[in-house]
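Structure first, then comments.
The values are calculated or read from the model by the stated rules, or taken from the named source; none is laboratory data. Bear in mind the structure is a predicted one, so any value in this text is a computation, not a measurement. All Cβ positions, even for glycine, are placed from backbone atoms using ideal geometry, and neighbour counts span all protein chains on display.
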Amino acid sequence: MPRTRRRGLRAGRAIGAFALASLAVAACSGSAASTAPATPVPSGVIAVEAAKDSAYSFTPSAITVAAGSVTFSVKNAGNEEHEFEVFKADGTTVVDEIEGLVPGLTKSLIVTLEPGTYQFMCKLNGHDQLGMKGTITVN
Ligand SMILES: [Cu+2]
């Protein structure tokens, strides 16, 4: 008999917790919808062209942006495939990248950058060693 009683209590507690959780979820979704949009709107888009001025170049090669969410729109103006890889100052730690940027294609990349210096390169077939790189200064 005491066993049955304990089980009954436990079930009651579980139902109570579920009801509370449901209320909490309802409260959260309600306030989120009224205070902030689901996706932050990017403050600006940085347009970059690959292979515009020469076969292995990025234009511009020096970019300065404000810290936070940064959108790069990278167009391949050349005749071969390229990549757009963002690295930390060390030049080896990848922040994020665009791959498969075939001739004529434009792709976007959204990254969150903290103040500091970053590098961007195309490492495809060693294009960075032919000059396909640049710097990003984040203030
Ligand atoms: Cu390339």
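May I ask you to say which residue of S108, S34 is among the hydroxyl-bearing types (S, T, Y), farther than 20 Å from Q129 by Cβ and at pLDDT below 95?
It is S34.
Could you give every pair whose Cβ atoms fall below 6 Å, whose first residue belongs to the stretch 50-76 and is free of Cβ contacts under 8 Å to residues at least 24 places away in the same chain, and whose second residue is assigned to a strand (DSSP E or B) and within 16 Å of the ligand (Cβ to nearest atom), counting only separations of at least 6 or pairs across chains?
D53/T59; T59/E49
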